[in-house]
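Structure, as structure tokens:
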Amino acid sequence: MLRSRLALTAPALALVLAGCATTKIPNTDVADTRENQEIIQFAERYRRAVEQRDVRVLVSLAAPNYFEDGGTPTGDDDYGIDGLRRLLSTWAESVREIRYECRYHRVNVSEDGSRASIDYTFTGSFTLVRPPVQAPDGMLPPAESVMRTDPARSEQSNRDARESWHRRVADNRLELQRVDGQWRIVSGM
């Protein structure tokens, strides 16, 4: 009798556990729901615009009330949408060859559906253009500004000390808000 109860309980338990299991959006740690898919698709638009250095698209993804807190107590490094425009324009002029990969970990949506956040880890690889180093008359510029050897690039690129390759891995959070029915970034760019 006990054996037959266990035999009936095991399949029932398996069904309950299967019903509790959630599938993930491919290549993310985020539950596969319609709402999460929409938010991840929006985040992918943002990611592609970063890779393409498309300032126009990046600004269009920002909410009118965009605000970035630089994290210092004085607040002199905080900026809004106008500061974002200036920052992105400067950024587009000094950054080349971007690869920006994201691993999305969590999507949180407010109860009323008007706000959301996306927690992710990014790997950003990019070439940074530096202004030429000026050496005083008769002196050579510092060695690191004259020669940068990169076997994956052409000889000309190796001789051009004005560009350097960088890589950064970090966690980030995009804060979103619905504006006229569309997701827009409030902070985190």
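The values are calculated or read from the model by the stated rules, or taken from the named source; none is laboratory data. Everything numeric in this text was worked out from a predicted model, so none of it was measured. No Cβ is skipped: glycine too gets one built from the backbone with ideal geometry, and neighbour counts run over all protein chains shown.
Of all residues in segment 32-78, those being among the aromatic types (Phe, Trp, Tyr) and more than 26 Å from Arg106 (Cβ to Cβ) number 0. Take the conditions part of a helix (DSSP H, G or I) and acidic (Asp, Glu) and apply them to Glu44. Does it pass? So Glu44 passes the test. Here Tyr120 clears all of (1) assigned to a loop (DSSP other than H, G, I, E, B); (2) at pLDDT 95 or above except the condition numbered (1). Please go through segment 68-94 and pick out each residue that is surrounded by 15 or more Cβ atoms within 10 Å (Cβ to Cβ), in contact (Cβ under 8 Å) with a residue 24 or more places away in the chain and closer than 28 Å to Gly113 by Cα. Matches in segment 68-94: Glu68, Leu84, Arg85.
State yes or no: is Tyr100 part of a helix (DSSP H, G or I) and surrounded by 11 or more Cβ atoms within 10 Å (Cβ to Cβ)?
It is false that Tyr100 is part of a helix (DSSP H, G or I) and surrounded by 11 or more Cβ atoms within 10 Å (Cβ to Cβ).
All of Arg96, Arg47, Arg34, Arg103 fail the test of being among the basic types (Lys, Arg), modelled with pLDDT of 95 or more and under 30 Å from Arg162 (Cα atoms), apart from Arg47.
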